[in-house]
Amino acid sequence: MTDHDAAGGGAARFVGQSIKRVEDPRLVTGHGRYVDDIVLPGMLHAAFLRSDYARARIAMVDISRATAMAGVHAVFTAAELNHHVDSLAASVNPRDAPKTPAHVLAAGDVRFVGDPIALVLADSRYLAEDALELIDIEYEPLTPVIDFESAADSVDLVHPELGSNLGSSVSSVDSNLSAVFAAAETVITETFHQHRQCNMPMETRGIVAHWEPFAGRLDVWASTQSPHELTATAARILGLGQHQVRVHMGDVGGAFGQKIFVGREEMALLLAARDVARPVKWIEDRRENLIAANSARVDRVKVSMAVNGDGVILGAQIDHLTDSGAYPNGGKPASGSNMVSMFPGPYRMSNLGWTTATVYTNTLGRGAYRGPWQMETVARELMMDRVAAEIGVDPLEFRRRNIISEDELPYTTATGRVYENITPSETLEQAVSMLDYEQFRIQQSDARSVGRLLGVGISACIEPTSAGRGALGSEGATVRVERDGNVNVFIGTGSHGQSLETTIAQVVADQLGISMDSISFHQGHGTPYGFGTGGSRSAVIAGGAARAAAIGVREKILSIAAELLEAASADLGIEDGFVSVAGTPSRRVSLAVVANTAYSDPEALPDGIEGGLEHAARFQAPPVTYSNATHVCTCEVDPATGLVTILRYIVSEDCGVMVNPMVVEGQIAGGVVQGIGGALYEEARYDLDGNPLTTTLMDYLIPTAAEVPLIEYGHIVTPSNTPGGHKGVGEGGAIAAPPCVLNAVNDALACMNVNLTHLAATPDAIVTALAAALA
Amino acid sequence: MMALRLARPEHLVDLNGVTELDSVQAIDGLLRIGAMTRQFVVGADSTVADQVPLLALATPYIGHFQIRNRGTVGGSVAHADPSAEYPTVVVALDAELEVSSTRGTRRIGAAEFFEGPMMTALGPDELLTAIRFPVWAGRSGFSFREVSRRHGDFALVGVAVGIELDESTTIRRAAIALLGVEGRPRRAPDAEAALVGTAISAVDAGEMGRLALKPLRATDDIHASAEYRRRVGAHLVSQAVEEACRRASEVDGD
Amino acid sequence: MTDPIEVAMVVNGAEHVAAVEARKTLADFLREDCLTTGVHLGCEQGACGACTVILDGQAVRSCLLFAVQASGSAVTTAEGLAGADGSLNVVQEAFRECHGLQCGFCTPGLVVTVTAYLADHPDPGRDEIRSALSGNLCRCTGYQGIIAAVEQAAVIAALQGGIS
């Protein structure tokens, strides 16, 4: 039996089941191992002196008093460290990508509040922070560039060496568009803004590094999504070979994109580690995380959309601007290419013209955050409701007239994306059916007659997952059966909450016919190269690699067992760790015996089979694997206070074959709640001088359990073209949720002539808009 | 304050061991609560609920239960955050603050105690030791309302209201105190005066909200604008006045 | 710098004695001196709840207390809720059953909070559960699995005669 369907050679005992997680026993008992739990003899602790100004010259910095303080071992500034690093670029950046200046520490001037200026290493974090107060520094403040909408025209330069605040600007003209607009029944133009948000994982950034000069070896532990990216960067900036760097991957407390690339502080730590040749540890505190890790989602999109008399979308022009801050993560300014190319989403839209640009400002650098391009869904779904209102059609009906359904596939968008195996129309219908949309409209009308404002919002998206290009396009896995029949799996991922320790084991266990207890999962040092975990790629790409490696081992197991059992491979199956002849369960041999034969008894091996029992495989993903979802939610808005209560939240999603449905729902829920946060609660704010105003969790407000509704799920399963039939799903919740919520709020407020085009819809924004509408 | 690196005292005195300050005593028509009495105790104590209902109504709004396990009523009052609940109750009821130092003990009236955000009339060598809350003995009803961004957050704006009726349905005494509008809790004397002598059925709650906010100068911050606090403050006053009146009218005459 | 002060406290049933600076937080003392690294620091500002421990029977934020303030007290962390044989307490088991965690960083503080809460409120309704959880932030789960875990733990604890 060597069929390579979704279950491979074995019965699908684990894939498709909501298997309880392998990670949990240690995590629920407080025995996880996060980077701050790493304690090494002689370890020094780091703290950074950070800029108090958004833009200023450093007139003087004197570290002598700090260096002299008891308990302080070293103080580093740009003078000691910067010359080692000629680029902040991530190893996977396109060669021709623009580059931000490579200042590891601020050198002569500071470019955002929080810009790291000096690094102190001391016996404890307490002492290191004491030492920061002994660093004497004088600033000459300069006029900062804070407003991203005017940054490109400002004479003040965030990075003088670049000569411009414009990071990049790309456009595409659709030559049909002006004719389409001229002939259209209606053309509507609206501009939408999304505000600054922060990834805000529960665990801040952190790193421990230990350079042993006589071993010629660097050991690193970090809160990271990508141990291999960290390996490559550490090697590059320290002038080491990648074989000299060992990144040990432990438990990571969330990231959502913040920890995929190596930041300036981590680079500074690595350089300092080489200098002192003792273990050094830096654990970021929450204030630092909110002002210096990364921010996201500062986007503005102007949309002009043309529709005909039947409410069919004919085309659109979008003009997009995003803020990259001072030091965008990964060493290059943000790219809008995914944003513009995904703009059509799940709707037929034959013509699209677009421009996208990004600017630098003296604020916190932009980093990846769960669906970094999602402004396309935010703007598009808000625009759908806007246009529907303008032409007098219910927003559901307007979507029905334009949404793509299965029978139109494969479908090629105006931006050249080819959709296959997706179900936009089907998820739309499932979601509104779960709500009972017609019934809700009746409830809404009844409520309005007693002065209560209820609203419904819809948001449909296509999620481009598992991007299969370049360094991101493949993952490798090695599956090895040890001499006692238990299995080690080595894979290049960086699981930080995605449950890969469990889901990868499910895949391998199914192929090898063993229990999940028999499998140990390894990430980091010693694993094959992989980009890491992010971009909704693990089920397809890492899962694909694990599957292929396990199938390779399975074939060898069967060949050896066939020799031992004097049977044909095709007649054998593996179950509960035993290989047996189909129909004759007593004729069997354990995996331990097979393994022992492979390692210790070469005479007993069949001809042409080498010793050992492991297989390494690399899975190349197709260019992209689309998943899709429709979100529908209802809310009530209290017009007196502007408080919004979400009543029901429904997600109908199609992520293909689910490895673990419980994990899928958990990923969706987490993304949805981040999206609710972005729509209603979370705002990272700066004042006009570039001072961050939200530096604590009492100011940057993420939803608590009291703010979230029960999330209801509908699942549609349309397998992808990949061997397991899986698709990515991790980012979708955060992509579709913000406009779903804002559409619901606007629907509730429509009768009051209020329509919000800016996120977040805070109580103040709502009350102010209501007062203005009544005036 | 220390966790936010805003305060770096040279010396810190831990009062947790001073058990005499943890007490609830009914004395001569008032309720004397020791400064170290935990917030969760204040919120759960039946004597407090009976004698000073505003304290019981306000307590659930204070942060989260883990905070209320350690936080104290004296701590909240002495800290004087403009959005805090207990200072508002103190001001609403004209409570007296008992303050001690090596020089002796004195009492400070609520109206004089709160001077501004995080600023009180406590001298640098003085310790708040107890709060003496007047007990409204007649037919009275109370309401405490606040609006916050999320459950348990600092209030954007809030109000404490007490209404006492005479033997029929006329208001004999009214107290309205607002939090989160100015830098310290403020009473609403114009609205209170308008309520006294009015029959419950004739109360124009909306007008009371307007009167209460009119003289106040609200503050902007990142969570809410001054205008928001004014509008929503007025709304909460009207809701709380209605609720307190209703509760007062439901009390059986003795 | 101040002279170290001797503190003694019982942590998860074991006596710990150490000399610490007055300014050392209880959270850091537990992590560094008692090696209960399950106490996590998510904000050090008292806002996230990841550092929640049980102090003399009550759930408190260990980042907002100094170690010296807890001298003489009994502290329980998530490590102390599990059995010596590795068995999970009813709350920990429910979190696992209901997928109440993903990255696990907020989890020890939550498990402690819920254990303390259910000991005092054995039969909470869903809205009461939401309020009780509102002082513990989670960024991964969207709270769905967590709320379900609390409901399940309450039911099972009731059948077993209470949270142990």
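The values are calculated or read from the model by the stated rules, or taken from the named source; none is laboratory data. What you see is a predicted model; the values in this text were computed from it and never measured. Here Cβ is always computed from backbone atoms with ideal geometry, including for glycine, and neighbour counts include all displayed protein chains.
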**Report entry** Selection within the range B:213-241 - of a type outside the set (Ser, Thr, Tyr), outside any loop (DSSP other than H, G, I, E, B) and touching a residue at least 40 places away in the same chain (Cβ under 8 Å)
**Finding:** B:229, B:230, B:232, B:233, B:236, B:237, B:239, B:240, B:241
Query raised in the report: Could we say that residue A:650 is within 10 Å of another protein chain (Cβ to nearest Cβ), under 23 Å from the mean Cα position of the chain (by Cα) and not in a loop (DSSP other than H, G, I, E, B) here?
Result: no
Query raised in the report: Just checking, which of C:82, C:78, C:50, C:94 is at the interface with chain A (Cβ under 7 Å from one of its Cβ atoms), of a type in the set (Gly, Ala, Ser) and over 28 Å from residue C:5 (Cα atoms)?
Result: C:82
Query - Some residue of the range A:679-691 being of a type outside the set (Gly, Ala, Ser), touching a helix residue (DSSP H, G or I) at 6+ places or on another chain (Cβ under 6 Å) and on the phi < 0 side of the Ramachandran plot - result: no
**Report entry** Those strands (runs of 3 or more DSSP E) lying entirely in the range B:66-175 with at least 3 residues of a type in the set (Gly, Ala, Ser) and buried (at least 23 other Cβ atoms within 10 Å of the Cβ)
**Finding:** B:155-165
Query raised in the report: Just one of A:538, A:580 is surrounded by 24 or more Cβ atoms within 10 Å (Cβ to Cβ) and of a type in the set (S, T, N, Q); which is it?
Result: A:538
Report summary line: Looking across the range A:196-223 at residues that are more than 13 Å from chain C (Cβ to nearest Cβ) and touching a Gly at 6+ places or on another chain (Cβ under 8 Å), the single one that is surrounded by the fewest Cβ atoms within 10 Å (Cβ to Cβ) is A:221
Report task. Could you look through the range B:25-39, keep only residues that are within 14 Å of chain C (Cβ to nearest Cβ) and crowded, with 21+ Cβ neighbours inside 10 Å, and pick out the one that is farthest from the chain's Cα centre (by Cα)? Result -> B:36
Requested in this report: Run down B:45, B:14 and say which single residue is within 14 Å of another protein chain (Cβ to nearest Cβ) and among the charged types (D, E, K, R).
Outcome: B:14
Query raised in the report: Is one or more of the residues making up the range A:16-32 away from every other protein chain (no Cβ under 14 Å), farther than 24 Å from residue A:212 by Cα and in a loop (DSSP other than H, G, I, E, B)?
Result: yes
**Report entry** Matching entry among B:183, B:152, B:206 (being closer than 17 Å to residue B:233 by Cβ and modelled with pLDDT under 95)
**Finding:** B:183
Requested in this report: Quick one: which residue in C:80, C:104, C:72 is within 29 Å of residue A:224 (Cβ to Cβ), of a type in the set (Gly, Ala, Ser) and at pLDDT 95 or above?
Outcome: C:104
Query raised in the report: Among all residue pairs at least 6 apart or on different chains, which show Cβ distances below 6 Å where the first residue, located in the range A:665-679, is more than 9 Å from chain C (Cβ to nearest Cβ) and the second is assigned to a helix (DSSP H, G or I) and not acidic (Asp, Glu)?
Result: A:675/A:734; A:675/A:737; A:675/A:738; A:678/A:738; A:679/A:738; A:679/A:741; A:679/A:742
Query raised in the report: Which ones in the range C:51-77 are in a loop (DSSP other than H, G, I, E, B) and either touching a residue at least 60 places away in the same chain (Cβ under 8 Å) or more than 14 Å from residue C:27 (Cβ to Cβ) (or both)?
Result: C:56, C:57, C:71, C:72, C:73, C:77
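To keep it simple, each residue is scored yes or no on (1) assigned by TED's automatic domain parsing to the domain that holds residue A:368; (2) touching a residue at least 12 places away in the same chain (Cβ under 8 Å); (3) part of a strand (DSSP E or B); (4) touching a His at 6+ places or on another chain (Cβ under 7 Å).
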site	(1), (2), (3), (4)
A:496	no, yes, no, no
A:501	no, yes, no, no
A:504	no, yes, no, no
A:521	no, yes, yes, no
A:533	no, yes, no, yes
A:539	no, yes, no, yes
A:548	no, yes, no, no
A:554	no, yes, no, no
Query raised in the report: Are any residues in the range A:670-712 of a type in the set (A, V, I, L, M, F, W, C) and farther than 18 Å from residue A:198 by Cα, and if so, which ones?
Result: A:688, A:705, A:706, A:708, A:710, A:711
Query raised in the report: Could you say whether any residue in the range B:124-145 is within 19 Å of residue C:45 (Cα to Cα), touching a residue at least 24 places away in the same chain (Cβ under 8 Å) and touching a Pro at 6+ places or on another chain (Cβ under 9 Å)?
Result: no
Query raised in the report: Hey, which of the helices (runs of 4 or more DSSP H) in the range C:78-142, taking only ones fully inside, have at least 1 residues that are in contact with a His (Cβ under 8 Å, 6 or more places away or on another chain)?
Result: C:78-81, C:107-120, C:126-133
**Report entry** Filter result for the condition that a residue is touching a Lys or Arg at 6+ places or on another chain (Cβ under 6 Å) and either of a type outside the set (Val, Ile, Thr) or touching a residue at least 40 places away in the same chain (Cβ under 8 Å) (or both), over A:159, A:228, A:210, A:193
**Finding:** A:193
**Report entry** Those residues of the range B:176-204 which are in a helix (DSSP H, G or I) and touching a residue at least 40 places away in the same chain (Cβ under 8 Å), in sequence order
**Finding:** B:191, B:195, B:200
**Report entry** Flag if residue A:510 is of a type outside the set (Phe, Trp, Tyr) and touching a Phe, Trp or Tyr at 6+ places or on another chain (Cβ under 7 Å)
**Finding:** yes
Query - Failed condition for residue A:292, given (1) outside any loop (DSSP other than H, G, I, E, B); (2) closer than 22 Å to residue A:756 by Cα - result: (2)
**Report entry** Matching entry among A:303, A:220, A:298, A:252 (being touching a residue at least 60 places away in the same chain (Cβ under 8 Å), more than 30 Å from residue A:193 (Cβ to Cβ) and β-branched (Val, Ile, Thr))
**Finding:** A:252
Query raised in the report: Hey, does the range A:680-694 have a residue that's within 14 Å of chain C (Cβ to nearest Cβ) and either acidic (Asp, Glu) or closer than 19 Å to residue A:461 by Cα (or both)?
Result: yes
Query raised in the report: Looking at residue B:196, is it away from chain A (no Cβ under 14 Å), hydrophobic (A, V, I, L, M, F, W, C) and out of contact with any His (no Cβ under 7 Å at 6 or more places or on another chain)?
Result: yes
Requested in this report: Examine the range C:66-81 for a residue that is farther than 27 Å from residue C:20 by Cβ, in contact with a helix residue (DSSP H, G or I) (Cβ under 9 Å, 6 or more places away or on another chain) and not hydroxyl-bearing (Ser, Thr, Tyr), and state whether such a residue exists.
Outcome: no
